[in-house]
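Right, one structure below, let's go through it.
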Amino acid sequence: MNPWVSFLLRRTTRVVVAMLVIVTIAFGVLRLAGGDPVRAALGPTAPASVVDERRAQLGLDDPVLEQYVNYLGDLLHGDLGTSLVTGRSVSDLVGNRLMPTLELAGLAFVVALVFAVLIGLCVAVFTQGHRRRGLELAFTGVSGFLAAIPEYLLGVLLVIGFAITVAVFPVAGQGGPDSYVLPVIALAVSATAGLSRIARIEALNTLRDDYVRTARAKRIPPWRVYLRHALPNMLTGTLTIGGTLLATMITSSVLVEQVFNWPGMGTAFVQAIVTKDYGIVQGLALVYAAIVLVVNLLVDLVLALLDRRTTLLETG
Amino acid sequence: MSALDVTDLTVRFGRGAGALVAVDGVNLRVESGGVLGLVGESGSGKSTIARVVAGLRRPSAGTVTVDGRDVTGRRLPARERARLIQMIFQDPYSSLNPRMTVGETIEEALAAREEQDAAARRAGARELLDLVRLKATVAQAYPRQLSGGMRQRVAIARCLAVKPKVIVADEITSALDASVQGSVLNLLRDLRAELGLSMLFISHNLAVVRYLADRIAVMHHGRIVEEGPSDEIVHAPRHEYTATLVGAVPSLDNAGTDVLTRDEP
Amino acid sequence: MTARARLFRAPMTIASLVLVCLFGILAVVAPILWGEEALTARPTELLQGPSAEHLLGTDNLGRDLLLRTLVATRLSLGLAVLATLLAAVAGVLVGGLPAVLGGRVQRTFGAVINTWLAFPVLLLAMLVAILLGAGTTTAVLALVLTMTPSFARLAQTLASRVGGSEYLAAARMLGVSRRRQFTRYVLPNIAEPVIVNVTISIGGGLLALSSLSFLGVGVQPPDYDWGRLLKDGFAQVYNSPTAVIGPAVAVVLAGVAFGALGESLAGHLRGQDHGHTGGRRGPAPGPGPGSGPDGGQPSTPDTLLEVDGLSVAFPGEHGWVRPVRDVSLTIRAGEIVGVAGESGSGKSVTMMAIAQLSAPGAEVAARTLRFGDEDLTLLRGRALRGALTGVGVVFQDSLTALNPAMRVGAQLAEVPRTQRGVARRQANRDAVAALDAVAIPDPARRAGQFPHELSGGMRQRALIAMSQIGRPSLIIADEPTTALDVTVARRVMRLLRRECDRTGAAVLVSSHDIAVLGELCQRVLVMYAGRVVEDVPVDALRDPARLAHPYTRALVAALPDLDSDRDAPLATIPGEPPDPADPAPGCGFAARCALATDRCRAEVPELTGHRHGGRVACWHPQDREVVRS
């Protein structure tokens, strides 16, 4: 079999299996959790008839296996379930909220990746061979500090700083391009700092590789050695970590959206948590999971293209 | 009497039509007290044979018997197999656990041989270190504190601790410098005379194999192309490949001659 | 560690260690000292800003925020440490155990860990947390679920290294039980990086837990951790923005402290692994004192390369390590010169220093380094690169020496394109022609392939083609045949020899096998302990009695060949090669030499002419009739 085909098959299978597991868990927790979720969602004051009606409407009284099959069927048709509180479709909600979240997280991810790789490579070039220990120390200190600031906290600080002292950028809501600045910064800074440290180590390892010496032996200009020979090879390791970073970033976006009142899935998610609307929580969790899995698949594909030698031979 | 018999050994990597046949119907025999040399280039399958004989890999077909007992099957308990066959590895830097002292390593091997109390094991370890010409104080050292040659001696001592019927030595001098290689070869040669070791000695270096082995088997693309007494193989090769191999061995006798520019094939 | 290293590294370790200890003490002491007071509500002092009495102000019940921040240390840190330790144990078991359970289990677990890593577990955990009731236990569980796969991945990577190691194979052959394999072999060898990672992860766990509390799904009132305090403070951000300062500083400071401690530990480990942490003591040693007019060979009109007093130093753990000391050599145009020596003799470092390809951080000094008409010691940057286009380099390991992410043809074509500005298409044609010249079959197809698709012999040929494509007058080949089988090595040697005959290029080639050099070269330099000890015409190698240096003689005698006497022990050299980091004064070989005298142990002998036509550096050359010039 063509190695690319079998590679794609393997990875897609993994995504499908992971998705099935998540769907099953999402289905299970709603059914198996103690107490009545509908009662919890509608509150103790709602009349019993309304609760029963909503339960019947949601099919919660059917046998569990039948519910599961129906649930899977609905999912395949793009039906992510309904809100326990309002009875409205979660798919509609996602339709409205998906793009703002993807824009925010995607932008932050790209910003973090580009800056981290460039900073990591530059610092590595300047500090290789244990030179410029001062720069190394400064980099380690600053990046360590920035990486330790949680995204939501940076968001809070940015809100305080810009809302109260200088109103240069809007601190809430999605509007023109300037409204993206603060949320993207909040989401990207700690990721950039953390990833740039990994990128520097990857770059240092790459610069020690024999083929970099071979490139120097060709007497080509140094920038060409770094960009043409070192960069593509350091990307592999950086992206491997960067890919898993995205899962973290999606989670963090929930918090950052909350801080900046961003009209994405995150605010809806938190809202649903607060109102105990498990229908929405369940649907949104699935969407988040799907995003992360698909992006990871894409990262794997890029990695395979970058490093044909190892990825295709790997069996996992 | 033979100590080790390898019969119709075949090892395939992968399955189906794309499978790579690394070892293809190989027959080998190590006489009791004898040393059989196995030479071949990388990819010839000689290291695969070593791993199968040592029990680290399962053959696709064929049998390996030591003292008449099949050592390839699952049924043989690990301890019993350990007493039949042991292996010395190529790289002395990676064949010793960096977190165990030399003494602990050898004592663990002694424990594999028989149940002993701690004092007897310590005494045994001292004896073995002496046997491989190392000082008793080495027992307290960790592998990283030793040089390559010393580590390889420790690996040999660990192997001897079990008193196996057969020893497989896989490229044990190729990671060593020329000046150290000689002393390890001398040690094996002496031990062989003292203990009557039976050995399968694997190397890509024909000169090294010839020095130690009574008989040599030449491997090429997974098959044995020629087998015979060492000096016959080296000085009167019958197979074309053996002749190429012998002819390619660099020799100081050729120094300063035009050996490289003439007889271009 | 050297003084310099201590100056830069230790403060970080010490500062972070002090911080971590402070947090630890606070976690124990603060709730005992101020636990009561932090709960005291003051209805008259609601939401106050900082004041002398309440340094960080008060919250909406009038409770002192500084005290609350301090008291929250115990819960915040305790939960983070607990979650991290649980995750580390679970991760080590999931990732480490498969190493002793065989290949299939390892692959299955590997796939599980990969999938698990890709899970947005924190989201799912939030879902679970809500349904099981938000609270401390579920937050910790959620965190354990999130952190376990990364520990498992780390443990798996480390353990698979142990699992594939020969020492574990040796243990399996001894019949060591799986339990003992895991506890004595796998665990001790993966412990240190895992512990470092635990330290780093505590910081991350702290942040994650505070995020959960901030969202309201973690710690629930009346309990409070830093995240909870931040949540309460953020709710009042427009009324009293200072309320978030305390917990914010605490969270960041704790994160930085644990992160920095882990990083310095990791840096220390890396230093151990790589042998030297790069400390320096004093300036790098320069070239040795001039060896005088009789030391180096006189340069003649056809001298292509002239090296005099070359020294290379690397920063090591205990000051400078000098693997190459005061090496002098000359090469005439078209001459093939070999460099023989064991590992640690300095031959590769010498070759790379001449090619100006020393590892970054190396200090290279020479009295003379002249190539053609150019004094390389005076040139920098573009001018140096221009002068060095006349030097082609062939490396030892053809797989690692070629860029795995670049097609072979492009790697060759790069040379004419950047050196001579040849157009891309023409450069590609040049590359194919160069591959064709080294007898690679179907060169056009091979040019379009990646290095791993070529066999070892073919890659080595491609490397030789690459060194030739810039039309150099000197080729520096560092152990070009060491990684190859004898028959392939023989073909590569023939190729190298033929190419030189064809192009008239000179060659400086190294090998640990002096017999290889004897066949290939006209002259061999024997190196030991960073110095050239003998410079001998190859025909003298045929007759060991003509060799002058005791080391060369011993090296030649120790080499078994196809005619060695099998009934006699091989000649050996007692002792071990010296450690370049710990050199002895005098002749490097004195400790292993049967002829060594006090003078040998005190004074370094210089290279002087010998009657075999070469030079020798020995106080007691074997052939006594030395020709003094």
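Okay, here's what the table says:
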| quantity | calculated |
| --- | --- |
| Residue match in region C:64-71 (condition: crowded, with 18+ Cβ neighbours inside 10 Å and not in a helix (DSSP H, G or I)) | yes |
| Per-region count, region B:65-104, residues away from chain C (no Cβ under 11 Å) and of a type in the set (Gly, Ala, Ser) | 3 |
| Close pairs (6 angstrom Cβ cut-off, 6 or more residues apart or separate chains): within 7 Å of chain B (Cβ to nearest Cβ) in region C:160-178, among the aromatic types (Phe, Trp, Tyr) anywhere | C:GLU166/B:PHE89 |
| Enumerated helices (runs of 4 or more DSSP H) restricted to region C:144-247, each holding at least 3 residues that are of a type in the set (Gly, Ala, Ser) and open to solvent by 20 Å² or more (accessible area, probe 1.4 Å) | C:187-215 |
| Listing of strands (runs of 3 or more DSSP E) fully contained in region B:5-89 that carry 1 or more residues being closer than 23 Å to C:GLY103 by Cα | B:20-31, B:61-66, B:85-88 |
| Test for C:LEU46: is it touching a strand residue (DSSP E or B) at 6+ places or on another chain (Cβ under 7 Å) and touching a residue at least 12 places away in the same chain (Cβ under 8 Å) | yes |
| Yes/no for B:ARG133 being open to solvent by 10 Å² or more (accessible area, probe 1.4 Å), of a type outside the set (S, T, N, Q) and assigned to a helix (DSSP H, G or I) | no |
| Restricting region C:573-601 to residues that are outside any loop (DSSP other than H, G, I, E, B) and surrounded by 13 or more Cβ atoms within 10 Å (Cβ to Cβ), the residue that is nearest to the other protein chains (Cβ to nearest Cβ) | C:ARG592 |
| Enumeration of residues in region C:522-536 that are in a loop (DSSP other than H, G, I, E, B) and open to solvent by 10 Å² or more (accessible area, probe 1.4 Å) | C:GLN522, C:ALA529 |
| Index of the failed condition, B:GLU107 passing every other in (1) part of a helix (DSSP H, G or I); (2) facing another protein chain (nearest Cβ under 9 Å) | (2) |
| Candidate set: region A:1-37, residues that are assigned to a helix (DSSP H, G or I) and at pLDDT below 75; chosen: the one surrounded by the fewest Cβ atoms within 10 Å (Cβ to Cβ) | A:LEU32 |
| Qualifying residue in region C:225-238 (condition: at pLDDT below 80, assigned by TED's automatic domain parsing to the domain that holds C:THR138 and hydroxyl-bearing (Ser, Thr, Tyr)) | yes |
| Extreme residue, surrounded by the fewest Cβ atoms within 10 Å (Cβ to Cβ), among residues of region B:224-251 that are at pLDDT below 90 and closer than 11 Å to C:LEU562 by Cα | B:GLY247 |
| In region A:110-157, the residues that are under 22 Å from A:PRO222 (Cβ atoms), small (Gly, Ala, Ser) and more than 7 Å from chain C (Cβ to nearest Cβ) | A:ALA116, A:GLY120, A:ALA124, A:GLY134 |
| Test result for B:LEU128, touching a helix residue (DSSP H, G or I) at 6+ places or on another chain (Cβ under 6 Å), open to solvent by 10 Å² or more (accessible area, probe 1.4 Å), within 12 Å of chain C (Cβ to nearest Cβ) and among the hydrophobic types (A, V, I, L, M, F, W, C) | no |
| In region A:130-144, the residues that are within 19 Å of A:ALA199 (Cβ to Cβ) and in contact with a helix residue (DSSP H, G or I) (Cβ under 9 Å, 6 or more places away or on another chain) | A:HIS130, A:ARG132, A:LEU135, A:GLU136, A:LEU137, A:PHE139, A:THR140, A:GLY141, A:VAL142, A:SER143, A:GLY144 |
| Residue that is nearest to the other protein chains (Cβ to nearest Cβ), among those in region C:390-419 that are surrounded by fewer than 22 Cβ atoms within 10 Å (Cβ to Cβ), over 24 Å from the mean Cα position of the chain (by Cα) and under 22 Å from C:ALA506 (Cα atoms) | C:GLN419 |
| B:ALA175 vs. criteria under 22 Å from C:ASN189 (Cβ atoms) and touching a residue at least 60 places away in the same chain (Cβ under 8 Å) | yes |
| Selection status of B:ARG58, open to solvent by 30 Å² or more (accessible area, probe 1.4 Å) and more than 10 Å from chain C (Cβ to nearest Cβ) | yes |
| Flag for A:SER89 being over 30 Å from A:VAL281 (Cβ atoms) and among the hydroxyl-bearing types (Ser, Thr, Tyr) | no |
| Residues being more than 29 Å from the chain's Cα centre (by Cα), within 12 Å of another protein chain (Cβ to nearest Cβ) and open to solvent by 10 Å² or more (accessible area, probe 1.4 Å) - total across region C:502-517 | 2 |
| Top-ranked residue of region C:542-564 - restricted to ones that are within 9 Å of chain B (Cβ to nearest Cβ) and not aliphatic (A, V, I, L, M), ranked as nearest to the chain's Cα centre (by Cα) | C:TYR551 |
| Sole exception among (1) β-branched (Val, Ile, Thr); (2) assigned to a helix (DSSP H, G or I); (3) more than 9 Å from every other protein chain (Cβ to nearest Cβ) for A:VAL171, by number | (2) |
| Residues (buried (at least 24 other Cβ atoms within 10 Å of the Cβ) and either among the charged types (D, E, K, R) or out of contact with any helix residue (DSSP H, G or I) (no Cβ under 7 Å at 6 or more places or on another chain) (or both)) located in region C:537-549 | C:ALA548, C:HIS549 |
| Out of C:ASP543, C:ASP579, sole residue that is assigned by TED's automatic domain parsing to the domain that holds C:GLY346 and farther than 30 Å from B:VAL234 by Cα | C:ASP579 |
| Residue tally, condition closer than 10 Å to C:HIS549 by Cα and either modelled with pLDDT of 90 or more or part of a helix (DSSP H, G or I) (or both), over region C:602-629 | 5 |
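For every residue, the table says whether it meets (1) out of contact with any strand residue (DSSP E or B) (no Cβ under 7 Å at 6 or more places or on another chain); (2) surrounded by fewer than 20 Cβ atoms within 10 Å (Cβ to Cβ); (3) facing chain C (nearest Cβ under 8 Å).
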| residue | (1), (2), (3) |
| --- | --- |
| A:THR214 | yes, no, yes |
| A:ALA217 | no, no, yes |
| A:TRP223 | yes, yes, no |
| A:TYR226 | yes, no, no |
| A:HIS229 | yes, no, yes |
| A:MET234 | yes, no, no |
| A:THR240 | yes, yes, no |
| A:THR251 | yes, no, yes |
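Yes or no, residue by residue, for (1) open to solvent by 70 Å² or more (accessible area, probe 1.4 Å); (2) touching a strand residue (DSSP E or B) at 6+ places or on another chain (Cβ under 6 Å); (3) outside any helix (DSSP H, G or I):
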site	(1), (2), (3)
A:VAL50	no, no, no
A:ARG55	no, no, no
A:ASP74	no, no, no
A:LEU80	no, no, yes
A:ASP92	yes, no, no
A:ALA105	no, no, no
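The values are calculated or read from the model by the stated rules, or taken from the named source; none is laboratory data. Being a predicted model, the structure only gives us computed values, none of them experimental. Every residue, glycine as well, gets a Cβ built from its backbone with ideal geometry; the counts of neighbours run over all protein chains shown. The area values use the complete protein model at the heavy-atom level, side chains included, leaving out ligands, DNA and RNA. Shrake-Rupley method; radii C 1.70, N 1.55, O 1.52, S 1.80 Å.
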